[in-house]
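Asker: What follows is a single structure, and I will ask about it in a moment.
Read-outs throughout are calculated quantities, based only on the coordinates presented, and are distinct from any laboratory measurement. Since the structure is predicted, the reported quantities are computational estimates derived from the model, not experimental observations. Note that we place each Cβ from the backbone using ideal geometry, even for glycine, and neighbour counts take in every protein chain shown.
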Amino acid sequence: MKNYITTPIYYVNGEAHIGHAYTTFIADTLARYSRLQGNETYFLTGTDEHGQKIEEAAKKLGKPTQEFADEISASFKNLWNEFDISNDQFIRTTDVKHKIGVQAAFEKMMAKGDIYKDFYEGNYCVSCETFFPESQLMDGGCCPDCGRATTIVKEESYFFLLSKYEKPLMDYYEAHTDFILPKSRRNEVMSFVKGGLHDLSVTRTSFSWGVPVPTSLNDDKHVMYVWLDALLNYVTALGYGNDEAKMGFWPATTQLVGKDILRFHAIYWPAFLMSLDLPLPKRIGAHGWWTRDGEKMSKSKGNVVDPREVAQHYGVENLRYFMMREVPFGQDGDFSQRALIDRMNSDLSNDLGNLLNRVIGMSEKYSDFAIDSVDVLKYHTKEIDDAHAILGGLETYLNDLQLHRYLEELWKVFTIGNKAIEEHAPWVKIKEGRTDEALATVALVANLLAKAAVMLHAIMPKTTATIADALGFEITTKSYQALILNKELLQAFTIKKIPPLFPRVEEPLMPEAPKAMLDEVPAVPTTKTEDKKVSTVPEDGLITIDQFFQTSIKVGTVLEAEEVPKSSKLLKLKVDLGEESPRQIVAGIREYYSAQSLVGTQVCVVANLKPAKLMGMLSEGMILAAKDEDGLCLIRPETSRKSGCSVG
Ligand code: MSP
């Protein structure tokens, strides 16, 4: 059997964070498990390097775009090497082979009649050469970047006939109930498609950092839309449109994505594949998001968890175990050192580590480390049968991507082992001269540990290899077949004494994210200029229009408001700024406004300030107000505006 497993390809506009590590860990686990079963396996990851976003990020740093992409791509690649990720290929969308494959796909779609040329209409800023959606325009339809007036412009674009695939997609979802996991996400995708699909603009002429359309079109101002380019990596990596060397791995077995990019993978991607007459992947698994203190991680908030740092302090395999065990696949999870430490102490140190230490200790005392499974079935059939029932049922959890359930079940094998030791008390039997029985219990536990180590291998490869080595065997497809599929027991062997694998962790090992900067920002601005330390303001006190536009002020609608307990000044607000989720803003306005009076009203918010913590609560913006000796009043739009509308 052939298995092909992919991660999304990561944008090179920033370093890897813990969310990227999570997807990669899951994919690595699936790939390792597949190899353990003896399947031919191909595991792909890589970087997504085209598009305006990358071009601009490079420009900001004053670097040539390719050089910038090379650096960040290398940093992802190095991280996966440090983490011992077992990918067979690391694709870059700037690879020549990939570009050739993308152009071949474009030509095939054209030949199929699925691509046509038309016009893309929108608000265009000539100076910035950019289209802006209505919601981003400033008053009077001005450009949010340079402040100049925008014009409605039609840009020539090639379109993909997505609408044609509405029905085929729906039929496919209906017929393949396991195509999208978790199943709750399938409904979401289906109702989106049911709502109607518009054709997709798949080329751009407003920037050049992308794969040019095929030369046969004689239209070299067009580059491909970054998502068309990026999604095709899953087949160009196998040689699509090129040498086709590995196309035998297509269709992919599992394509892992975060929930935010599920639509691209569950709608556009299958439609592209249908257009290319290629089969669809067997399943798309959408995982949830890792948050920090319940907040979305982002560079601007300064709360991004660096996976390298966590791994350095806690060990990469402990982190892998934690991430997969802690959060049900598909749900969001909060990262905290405390939760990681708790998992390490209870699951790894107490349950697994202690059991291993006990076997080593008992075998040392009773049999000079010699273990023989000869009497295990005589005294412990029930325990062995129970363990086999658990181990045999694990694979379905993996197929459903329910990794936390997989691990939860697997841990029951350790419970069987610990219980057997308590119940059969080998130390009593030794005293009573019932040595065979005592040694059978020790051998039982050694066998349970060996079998569990095999099934834990894909999640903790090195740790389980050490356990196996102590128990006189190696984790390979052969031992998987023998110990798990054929339910065999270990041959007689001598235990290797190893130091405890999971020392307990008492205190957090890593400094918490720097919070100092979070405490600097006041809830409302003070009107006294002497209170502001704006070092960049020139002596004449004047700033340029560009400097002014560095501040993003937006209209927000207050959705919720409540008093902050023990504070006479603060109110905690939830404000809709037209983003995916409302912002929490803590404002010092309680003396002037009641919480209730604010709900449903609009305010003006400085939207690109570094978040601040006020009385331990995160504040993600600043509300504009004017204050003099008569009191304070909020600055609001005269008439209601759309949430998120720019002020300037
Ligand atoms: N380049 C696109 C993917 C193209 S695939 C053909 C992209 N890149 S990304 O770098 O922004 O994100 C890559 C993956 O990381 C996505 O699956 C995204 O969901 C995931 N995560 C980004 N932040 C995350 C968390 N905080 N938590 C978990 N995963 C998150 O999108």
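Asker: May I ask for the net charge around residue 140, where only other residues with Cβ less than 13 Å from the Cβ of residue 140 are counted and Lys, Arg are +1 while Asp, Glu are -1?
Answerer: Value of the local net charge: 0.
Asker: Which three extents, in angstrom, do the Cα atoms of segment 96-173 have along their principal axes, listed largest first?
Answerer: So the three principal-axis extents are 44, 35, 21 Å.
Asker: Could you please report the charge total around residue 400, scoring K, R as +1 and D, E as -1 over all other residues with beta-carbon less than 14 angstrom from its beta-carbon?
Answerer: Result for the neighbourhood of residue 400: +2.
Asker: Further question: Just tell me which lysines come within less than 20 Å, Cα to Cα, of residue 610; anything on the same chain fewer than 8 places away is out.
Answerer: 60, 296, 299, 301, 515, 532, 533, 554, 572, 574
Asker: Continuing with this model, one more query. Among 473, 264, 322, which comes first, second and so on when ranked by fewest other beta-carbon atoms within 10 Å?
Answerer: Fewest-to-most Cβ neighbours within 10 Å comes out as 264, 473, 322.
Asker: Let me check I've understood the local charge: for residue 46, count other residues with C-beta under 13 angstrom from its C-beta, Lys and Arg +1, Asp and Glu -1. What total comes out?
Answerer: Details: positive: 77, 92, 97; negative: 48, 49, 88, 95, 229.
Cβ neighbours under 13 Å give a net charge of -2.
Asker: If you don't mind, another one. Can you name the helices of the chain, as whole DSSP H runs, whose Cα span along the helix axis is 30 Å or more and whose Kyte-Doolittle mean is not below 1.0?
Answerer: Membrane-span-like by this criterion, though nothing is claimed about a membrane: 435-456.
Asker: Moving on to the next point. Hey, can you grab everything whose amide H is under 5 Å from the amide H of residue 42? Only 5+ residues off in sequence or another chain; H modelled, so Pro and N-termini drop out.
Answerer: 3, 4, 5
Asker: For residue 462, list the aspartates and glutamates whose Cα falls under 15 Å from its own Cα; do not include residues on the same chain fewer than 8 positions away.
Answerer: 28, 82, 84, 317, 474
Asker: Can you give the % of DSSP beta bridges in the chain that are antiparallel, to the nearest 5?
Answerer: If I count the DSSP bridges inside the chain, around 70 percent turn out antiparallel.
Asker: With just the Cα atoms defining each centre, how far is segment 329-404 from segment 230-265? Give it in Å.
Answerer: Distance between centres, Cα-based: 35 Å.
Asker: Can you give the longest run of the chain that contains no GluC sites (Glu not before Pro) sitting in a DSSP loop with at most 15 other Cβ atoms inside 10 Å?
Answerer: No qualifying site falls inside 245-431, the longest such stretch.
Asker: For segment 331-494, what percent of Cα pairs sit more than 19 Å apart?
Answerer: Here the tail beyond 19 Å accounts for 55 percent of pairs.
Asker: In whole Hz, what ³J(HN,Hα) sequence does segment 496-510 give by Karplus (6.51, -1.76, 1.60; θ = phi - 60°), x for Gly and Pro?
Answerer: 9, 7, 10, x, x, 7, 10, x, 5, 10, 8, 10, x, 8, 10
Asker: Continuing with this model, one more query. For segment 41-118, report the convex hull volume of the alpha-carbon atoms normalised per residue, in Å³, without decimals.
Answerer: 124 Å³
Asker: If you plug each phi of segment 471-476 into the Karplus form 6.51 cos²θ - 1.76 cosθ + 1.60 with θ = phi - 60°, what whole-Hz ³J(HN,Hα) values come out, in order, with x for Gly and Pro?
Answerer: 3J(HN,Hα) across segment 471-476, in whole Hz: 9, x, 9, 10, 8, 9.
Asker: Mind grabbing the base-10 log of I(q)/I(0) for the chain at q = 0.06, 0.07, 0.10 Å⁻¹? Debye formula, identical points on the C-alpha positions, no solvent, two decimal places.
Answerer: -0.44, -0.59, -1.05
Asker: So what's the back-of-envelope 222 nm ellipticity for the chain, counting only DSSP H runs of four-plus at -39500 (n - 2.57) apiece and dividing by all residues, rounded to 500?
Answerer: Helix contribution divided over all residues of the chain: -11000 deg cm²/dmol.
Asker: Here's something else I'd like to know. Put one equal scatterer on each alpha carbon of segment 549-648, apply the Debye formula with no solvent term, and list log10 I(q)/I(0) at q = 0.10, 0.11 1/Å to two decimals.
Answerer: Ignoring solvent entirely, the Cα scatterers give -0.24, -0.29.
Asker: If you don't mind, there's one more thing I want to ask. How big is D, in µm² s⁻¹, for segment 152-206 by Stokes-Einstein at 37 °C and 0.692 mPa s if Rh is the Kirkwood radius over C-alpha pairs?
Answerer: Once the numbers are plugged in, D ends up at 254 µm²/s.
Asker: While we're looking at this one, here's another question. Can you sort 323, 190 from fewest to most other Cβ atoms within 10 Å of each residue's own Cβ?
Answerer: Listed from fewest to most nearby Cβ atoms, that is 190, 323.
Asker: While we're looking at this one, here's another question. Can you return the lysines within cross-link range of residue 246? Criterion is Cα-Cα under 27 Å, with same-chain partners fewer than 8 residues away left out.
Answerer: 2, 77, 97, 99, 108, 112, 282, 478
Asker: When 287, 265 are ordered from fewest to most other Cβ atoms inside 10 Å of their Cβ, what list results?
Answerer: In increasing order of surrounding Cβ atoms, one gets 265, 287.
Asker: From Cα pairs below 8 angstrom and at least 6 apart in sequence, can you work out the relative contact order of the chain, rounded to a whole percent?
Answerer: This gives 12 percent for the chain.
Asker: Also, quick follow-up: In terms of modelled amide H atoms, which long-range or inter-chain residues lie less than 5 Å from the amide H of residue 647?
Answerer: Under 5 Å from the amide H of residue 647 lie the amide H atoms of 553, 554, 555, each far enough along the sequence or on another chain.
Asker: With a cut-off of 8 Å between alpha carbons and a minimum separation of six or more residues, what is the relative contact order of segment 331-494 in percent?
Answerer: 29 percent
Asker: Can you give me the C-alpha center-to-center distance between segment 141-171 and segment 573-593, rounded to a whole angstrom?
Answerer: Cα centroid of segment 141-171 versus Cα centroid of segment 573-593: 32 Å apart.
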